[in-house]
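Please treat every number below as a calculation from the coordinates, not as lab data. As the structure is a computational prediction, the values presented were derived from the model and not from experiment. With ideal geometry, Cβ positions are generated from the backbone for all residues, glycine too; neighbour counts draw on all protein chains shown.
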């Protein structure tokens, strides 16, 4: 059973695509579960865990049921992580699934899709259901078993054919994740691991 109370996933704001012949839209993926893997090339947790896990999902699930998309969302070291460098990175690491380059922020270093999805760092894995709704979000490492169960559950839900809905930051990396430090109204830094169901 689908959960109509969950918010619709924002459109992807991508300036360039790799590993796909045409630009990808979430509307075009309706009917599939979408696995969105947000990463940075220089994020240790992305390289050691996030991207390999996304590759396993891409290799395991039927492509007519589950779509895996990478999102290179750069909020630090912009000069080092260019699209040219990303193209070489994707070749060297044999990333086979489509990867989009998140559009740069308009007023600060936070890219536009990262901001729209309220991502707090990388790697972030987002699950979007067959009707285009945000269902799960994980920051940092998540177990294959839990993720596989969530994808399988979303794959079994009905697809509604009639529905077609549409501050300065710094960052730091650990062995498992890179975080953007977003100062709140009290001056505290938003950091840490995140694994949640997305509630409206």
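Dividing the Cα radius of gyration by the Kirkwood radius, what Rg/Rh value follows for the range 45-116?
Result: Rg/Rh = 1.00.
Where the centre of each part is set by its Cα atoms, how far does the range 105-160 sit from the range 23-83, in angstrom?
10
Please label the shape of the range 1-100 as rounded, prolate or oblate, based on the square roots a ≥ b ≥ c of the eigenvalues of the alpha-carbon gyration tensor (a/c under 1.5 means rounded; beyond that, a/b larger than b/c means prolate, else oblate). Could you put the intermediate results ahead of the total?
Details: a/c = 1.75, a/b = 1.54, b/c = 1.14.
Prolate is the answer for the range 1-100, as a/c is 1.5 or above and a/b outweighs b/c.
Would you list 138, 63 from fewest to most Cβ contacts within 10 Å?
Details: 138 21, 63 10.
Going from least to most buried by this count: 63, 138.
Rounded, prolate or oblate: which fits the range 19-59, taking a ≥ b ≥ c as square roots of the Cα gyration tensor eigenvalues, rounded meaning a/c under 1.5, else prolate when a/b beats b/c? Spell out each step's value before the answer.
Working: a/c = 2.45, a/b = 1.85, b/c = 1.32.
The shape class here is prolate.
Sorting 15, 37, 157, 92 on the 10 Å Cβ count, fewest up front, what's the list?
Working: 15 12, 37 25, 157 16, 92 8.
With the sparsest Cβ surroundings first, the list reads 92, 15, 157, 37.
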